[in-house]
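A.B. asks: Sharing a structure below in structure tokens format, with a few things to ask.
The values are calculated or read from the model by the stated rules, or taken from the named source; none is laboratory data. Note that this is a predicted model, so its numbers are computed, not measured. Neighbour counts are summed over all protein chains in view; Cβ atoms, including those assigned to glycine, are modelled from backbone coordinates with ideal geometry.
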Amino acid sequence: MNIKGILTMEWVQLRRSPMRWSAIIFYLALGAYAVFSGQQYVQKWAVAIDKVESEEREMAEQALAWYAEGVKGPEDREWVDIQQPLWASWYTGSYLCKTPAPLAVVSLGVSDTRPNYARITRFSSPFDTRNKPELINPEQLMAGHFDLAFVLVFLSPLLLLLLSFDILGYERDEGMLPLIRLQAGSLAGWAGLRVGFQWSLAFAATAVLWLMAAWAAGSWGLSLWLGLLLSGLYLLFWSGIILLVLSMRQGLSFNALTLAVLWMVVSILLPAAANLWGQAQYPHDYSTEITDAQRADRYALYDKEAEELEPQLFEVFPEARHSAYVQDTVRDPLIDRHYYDAAGLLLNEAAAAEAVATEAGRERLARQSALYNPAYAMQMGLDAVAGNSSAAYLAFNADISAAVKAKVGQLLAFALAKEPMDAEKFQVLRQTVGSNPNYARQIPGRSWLVLLLYTVLIGGIGVWRLRKG
């Protein structure tokens with residue numbers, strides 16, 4: 001078998017085929033647009049975070065100036081007393097932000113339908129009205145975002161199929177298969193070399209898109225090279241499908257139609273079936289329990305005396321049992337409000353627990369579907385690299401809950417001590433939120449395993465059938 005001759009023939013055919021060049025150029029153009037669109041979205045995301053953090057800093061600096069001047073608040077609002085923890089908390093509305101990961105431009109995931117920052121106050125919840133995953137702004141959903149992940153998952157296989165569909169089919173239609181067997185010696189090797197050449201073209205075009213994304217994001221770390229390897233493996237999986245179809249030794253029309261049907265099954269029908277199964281197992285409940293907890297149930301707390309809420313107070317802040325205020329018989333309405341905050345926090349946590357369990361169940365079911373859903377296995381890997389998977393937002397919601405609880409607990413500590421707030425305590429209160437994470441992770445092992453397994457299995461069957469014939 002003349003390897004050089006086969007590869008030279010493929011190169012000559014590529015040069016003389018406007019369809020192939022047009023497909024490659026169109027693929028690169030769509031990918032470039034996806035990178036540009038993703039970068040624009042990520043920039044707006046970063047600007048929004050900078051804006052809310054700037055507003056928070058301005059409020060905090062204003063409060064710190066009052067502490068330095070020895071005044072209790074603004075002159076036009078005499079009722080404000082920042083020496084009280086309750087009022088100080090209004091000026092420490094720190095934000096916990098999910099910052100864009102270094103390669104967030106690759107896959108926007110669910111970032112356009114989930115909150116990317118949350119103001120941490122006494123009343124905050126990770127599942128408040130604007131944060132519900134089920135109650136999404138329909139205008140955002142309709143607009144959508146065309147990201148690079150869409151190109152890599154759905155269009156890169158199409159490019160490879162367009163480049164490869166005529167292999168063996170044309171030769172069979174023209175009655176040239178006996179001559180090829182005679183000249184090449186091995187039909188499997190001849191077809192494998194030709195498919196490998198087309199794979200190299202598709203992978204080279206895909207690598208260009210990855211490099212464009214890295215350049216736009218300014219990130220050249222390990223995630224970029226792992227993403228390139230994942231894309232190469234995904235294209236190898238589709239090369240295996242092509243070899244399997246070619247092993248049937250049918251004509252050009254049969255190959256084209258069969259590959260098109262397989263692309264629809266793998267890229268559309270299997271993900272749709274997994275989505276329908278997930279909705280059946282975990283139907284949307286529109287988070288009515290959380291809404292009730294935030295409204296009716298919380299309002300009902302104010303019908304009770306503060307002393308009636310001591311069990312909830314001790315559950316949130318056990319140290320309160322020995323605090324100066326709890327031991328005192330004189331009540332302070334401003335300090336009593338923290339009792340209601342503690343009880344409200346427990347209400348939110350109890351109501352959110354079911355929503356968190358449902359969301360975690362959906363995520364677990366989606367991961368399991370990757371075993372029979374190679375397209376989702378690829379998508380799951382890209383979302384992990386970009387830090388925009390549903391698992392990332394589950395972790396973000398958990399961090400919001402932890403930050404709210406930490407802030408309420410710190411407020412309780414200051415309030416029950418019956419000591420005035422100062423600049424140092426104010427800064428401690430601000431720092432309960434912590435740093436902003438991006439939740440970027442390595443590509444899950446399941447993605448590698450599923451794609452590698454199907455590549456070896458399907459490609460191996462195709463090669464075996466070609467060698468057998």
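A.B. asks: How many residues are without any contact (Cβ under 8 Å) to a residue 40 or more places away in the chain and either touching a Cys at 6+ places or on another chain (Cβ under 8 Å) or farther than 17 Å from residue 408 by Cα (or both) if we restrict to the range 75-112?
C.D. replies: 7
A.B. asks: Just one of 416, 382 is closer than 30 Å to residue 206 by Cα and either touching a Phe, Trp or Tyr at 6+ places or on another chain (Cβ under 8 Å) or at pLDDT 85 or above (or both); which is it?
C.D. replies: 382
Rundown of residues vs (1) of a type in the set (S, T, N, Q); (2) at pLDDT below 70; (3) closer than 30 Å to residue 423 by Cα, yes/no style:
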residue: 115; (1), (2), (3): no, no, no
residue: 122; (1), (2), (3): no, no, yes
residue: 128; (1), (2), (3): no, yes, no
residue: 133; (1), (2), (3): no, yes, no
residue: 139; (1), (2), (3): no, yes, no
residue: 153; (1), (2), (3): no, no, no
residue: 160; (1), (2), (3): no, no, no
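A.B. asks: Next question, about the same structure. Return yes or no: is residue 33 in contact with an Asp or Glu (Cβ under 8 Å, 6 or more places away or on another chain) and farther than 17 Å from residue 161 by Cα?
C.D. replies: Spelling it out, it is not the case that residue 33 is in contact with an Asp or Glu (Cβ under 8 Å, 6 or more places away or on another chain) and farther than 17 Å from residue 161 by Cα.
A.B. asks: Condition (residue is buried (at least 20 other Cβ atoms within 10 Å of the Cβ), hydrophobic (A, V, I, L, M, F, W, C) and under 28 Å from residue 81 (Cβ atoms)) applied to the range 364-374: is it met by at least one residue?
C.D. replies: No, that holds for no residue.
A.B. asks: Select, from 459, 469, the only residue that is within 30 Å of residue 246 (Cβ to Cβ) and at pLDDT below 85.
C.D. replies: 469
A.B. asks: Please go through the range 33-72 and pick out each residue that is of a type in the set (Ser, Thr, Tyr) and free of Cβ contacts under 8 Å to residues at least 24 places away in the same chain.
C.D. replies: Selection gives 54 alone.
A.B. asks: Considering only residues that are touching a Ser or Thr at 6+ places or on another chain (Cβ under 7 Å) and hydrophobic (A, V, I, L, M, F, W, C), look in the range 190-202 and name the one that is surrounded by the fewest Cβ atoms within 10 Å (Cβ to Cβ).
C.D. replies: That would be 199.
A.B. asks: Further question on the same structure: From the list 398, 440, 403, pick out the single residue that is touching a strand residue (DSSP E or B) at 6+ places or on another chain (Cβ under 9 Å), within 24 Å of residue 98 (Cα to Cα) and in contact (Cβ under 8 Å) with a residue 12 or more places away in the chain.
C.D. replies: Sole residue among the options that is touching a strand residue (DSSP E or B) at 6+ places or on another chain (Cβ under 9 Å), within 24 Å of residue 98 (Cα to Cα) and in contact (Cβ under 8 Å) with a residue 12 or more places away in the chain: 403.
A.B. asks: Determine which single condition residue 331 fails, assuming it passes every other condition in (1) surrounded by fewer than 19 Cβ atoms within 10 Å (Cβ to Cβ); (2) in a helix (DSSP H, G or I); (3) of a type in the set (D, E, K, R).
C.D. replies: (2) is the only condition that residue 331 fails.
A.B. asks: Return yes when residue 434 is under 30 Å from residue 249 (Cβ atoms) and either at pLDDT below 85 or touching a Cys at 6+ places or on another chain (Cβ under 8 Å) (or both) and no when it is not.
C.D. replies: no
A.B. asks: Ok, one more. Kindly provide the set of residues from the range 7-36 that are at pLDDT 90 or above and surrounded by fewer than 18 Cβ atoms within 10 Å (Cβ to Cβ), ordered by number.
C.D. replies: 21, 22, 25, 26, 28, 29, 30, 32, 33, 36
A.B. asks: Turning to a different aspect of this structure: From the list 257, 276, 244, pick out the single residue that is closer than 19 Å to residue 155 by Cα and part of a helix (DSSP H, G or I).
C.D. replies: Answer to the selection: 257.
A.B. asks: Identify, please: which residue in the range 66-95 is in a helix (DSSP H, G or I) and hydrophobic (A, V, I, L, M, F, W, C) and is, among those, farthest from the chain's Cα centre (by Cα)?
C.D. replies: Looking at residues that are in a helix (DSSP H, G or I) and hydrophobic (A, V, I, L, M, F, W, C), I get 68.
A.B. asks: Can you report the number of residues in the range 255-272 which are surrounded by fewer than 16 Cβ atoms within 10 Å (Cβ to Cβ) and in contact (Cβ under 8 Å) with a residue 40 or more places away in the chain?
C.D. replies: Final tally of qualifying residues: 1.
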